[in-house]
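The values are calculated or read from the model by the stated rules, or taken from the named source; none is laboratory data. Keep in mind that what you see is a predicted model, and the values were worked out from it rather than measured. Cβ atoms come from the backbone with ideal geometry, glycine included; neighbour counts cover every protein chain shown. What goes into the accessible areas is simple: the full protein's heavy atoms, side chains included, and nothing from ligands, DNA or RNA. Shrake-Rupley method; radii C 1.70, N 1.55, O 1.52, S 1.80 Å.
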Amino acid sequence: MKKIIILFFGLISGASAFGQGHYTGSSFNPNDYFAPHPGWIIPVWYGYANMDYHNASGQKSDQLINPAPGNPTELHIKQNVKTNSFILMAIYGGKGKVLGANWGMMIIPTLNSPTANIALDYYSSQTGSGNYVFTNKSIGFGDMYIQPIWLSWTKGKFSYAVNYGVWAPTGKYKPHDLDNGGHGYWSHNIRVAGKVKPTSKTNLSIATTLEVNQWQKDTDFKEASHFTIDAGGSFVLDSRGDEIGLFGHYTTQVGNDKGTNGGFASDQIAGIGAFASYWIVPMKIGLMGRITQNFAVENRFGGTAIQVGLNFLIPSTNH
């Protein structure tokens with residue numbers, strides 16, 4: 001399925017609720033860093049994630065430790081971290097060129113079941129050791145992603161892209177609240193990507209994303225920046241454009257948290273996954289499914305995420 005945005009954001013699975021920051025690696029399929037064809041794309045998606053907290057040794061653990069100098073704290077949690085997310089996106093591919101590039105924009109509101117971020121909130125903000133059991137089944141609006149700058153250039157077999165997006169703290173956030181749907185801060189995503197087509201049916205891509213976070217609402221806390229490398233490839237199965245592909249990512253913390261409520265444990269996560277797409281009505285209605293498995297997880301939540309959804313295409317009348 002060519003140039004259809006399939007963000008599970010962590011976009012779609014709600015996996016961003018399980019990690020520090022907003023952006024989740026492998027949120028895009030290998031072709032989706034590049035501006036779409038002129039017209040509208042309306043994806044409607046459901047995502048499910050089953051996550052566990054992993055400690056600094058990369059082991060699953062119910063003990064969250066914040067090694068603050070002079071005042072280390074810990075939290076014992078009995079986790080049941082399963083999240084359901086629903087997303088309706090609006091993606092626009094513009095007509096003509098901007099700086100010689102194809103261009104587009106997107107906006108992604110989220111509706112999710114915020115479970116794991118409860119533990120992360122207590123982990124970053126608590127003042128002493130303690131025990132906590134959470135089984136949150138609430139549904140609420142999450143933070144919204146807006147990408148106003150989306151440019152891509154193509155020359156022969158090579159394509160390049162520059163993107164800027166921002167996470168707006170539209171989801172509910174109160175310190176220590178059990179049903180927070182958002183993170184309570186703005187995040188800025190700066191991304192560059194490249195792609196090569198070895199053959200007419202294959203694509204290989206790589207992208208880097210730097211996420212820079214602002215101060216959190218009503219707390220003395222600023223999440224550290226994170227740097228992500230995404231890579232993957234896809235293969236077109238037939239003339240209809242049905243497609244399969246693989247993708248992977250690695251995310252690491254850059255610098256330290258700030259503020260009196262900041263954590264002192266650096267985090268990282270990696271993942272690998274696969275997707276498949278099928279045109280129900282060629283170039284109008286497409287079905288897609290994805291699965292992602294995390295590994296090399298340290299000081300954050302990781303596990304398995306599955307997404308399924310439909311993409312509705314409304315092409316430009318002049319294209």
All other residues with a Cβ under 9 Å from the Cβ of Q268 taken together, and with Lys, Arg as +1 and Asp, Glu as -1, what is their net charge? -1
Semi-axes of the equivalent ellipsoid for the stretch 164-296, Cα gyration tensor, largest first, Å: 36, 18, 13
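Given an 8 Å cut-off on Cα distances and at least 6 residues of separation, report the relative contact order of the stretch 189-319 as a percent.
On the way: 302 pairs, mean separation 21.4, N = 131.
RCO, the stretch 189-319: 16 percent.
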Note down the accessible area of W215, probe 1.4 Å, to the nearest 10 Å². 120
Taking a label point 7 Å from the Cα of A168 along Cα-to-Cβ, the residues of the stretch 94-113 whose backbone nitrogen sits under 12 Å from it are 107-110
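Over 28 Å between Cα atoms, which of K97/K201; K97/K157; K172/K195; K95/K155; K82/K172; K60/K222 qualify? Intermediate results must be reported in sequence, preceding the final value.
Working: K97/K201 26 Å; K97/K157 19 Å; K172/K195 37 Å; K95/K155 18 Å; K82/K172 19 Å; K60/K222 26 Å.
Over 28 Å Cα-Cα: K172/K195.
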